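Student: My questions all concern the structure below.
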Amino acid sequence: MPRRDTAERDAEYERFKSFILAFAEFLDADAVADPRPSWSGGLEPDGQLVWTEHRDSPVPIAETLREAIASLEQQRPRGWRAGVRDGLQDLLEMTKDLSPQKVQLADSKLKAAGVPTLSTMRSEIWRTVPKLIERGRIKTESEYYLLVERLNNATDAELSQAARNQIAEMVAEFEERRREPR
């Protein structure tokens, strides 16, 4: 497959970045609107688990992501595209358990903001996994991390045991290649 030109890769990067930031703003607004408290558990010295209710406003992620992307662009002049793609993959994995209603709401907000919808980005990024399985070999660290994420998700009902086994073999083979001296 021919390598894409820089303008095409830059356009993809800008598209991913605009989606990430708009979706993070959606998540921030949704978290602020959700009146339910969050809970955390901790062990007491006697070994008893104690739950604590938190009613603080949630930590906004959009501003943190905006700063992280700006920092990445300055510190890694060549690696920022892959870093943003990896972040996008992680963000999409976090949405696996969203209800269909929440996905529709996100889609409508993102469409109104003029960025790709959650459904579009999920489809685009997640179709990579079957292609990698079909190819049978991991070529990049980005592909590696995507497959490790899917492999580590034990609740992923879409991934058959055969596919899980093949991914595990591919991951092990990639890790072995990385260990070999060049």
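The values are calculated or read from the model by the stated rules, or taken from the named source; none is laboratory data. None of the values given here were measured: they were computed from a predicted structure. Methodologically, a virtual Cβ is constructed for each residue, glycine included, from the backbone with ideal geometry; neighbour enumeration extends over all protein chains shown.
Student: In the list GLU176, GLU134, GLU141, GLU169, which residue meets the criterion of being in contact (Cβ under 8 Å) with a residue 40 or more places away in the chain, farther than 18 Å from ASP97 by Cα and of a type in the set (D, E, K, R)?
Tutor: GLU141
Student: If you don't mind, another one. Mind listing whichever residues of the range 103-129 are loosely packed, with under 14 Cβ neighbours inside 10 Å and not in a helix (DSSP H, G or I)?
Tutor: GLY114, ARG127
Student: Let me ask another. Within the range 150-161, restricting attention to residues that are within 17 Å of LYS96 (Cα to Cα) and at pLDDT 80 or above, which residue is nearest to the chain's Cα centre (by Cα)?
Tutor: ARG150
Student: While we're looking at this one, here's another question. Looking at the range 91-113, which of the residues that are within 21 Å of TYR13 (Cβ to Cβ) and free of Cβ contacts under 8 Å to residues at least 60 places away in the same chain is farthest from the chain's Cα centre (by Cα)?
Tutor: Step by step, filter the range 91-113, then rank; the result is LYS111.
Student: Starting from residues that are at pLDDT below 70 and part of a helix (DSSP H, G or I), keep the ones in the range 1-40 and report whichever is nearest to ASP86 (Cα to Cα).
Tutor: ALA31
Student: Taking the condition of being outside any helix (DSSP H, G or I) and either surrounded by fewer than 17 Cβ atoms within 10 Å (Cβ to Cβ) or among the acidic types (Asp, Glu) (or both), how many residues in the range 130-155 meet it?
Tutor: Count: 7.
Student: Here is a follow-up. Pick out the one residue from LEU43, LEU65, LEU49 that is closer than 22 Å to GLU124 by Cβ and either modelled with pLDDT of 75 or more or not aromatic (Phe, Trp, Tyr) (or both).
Tutor: LEU65
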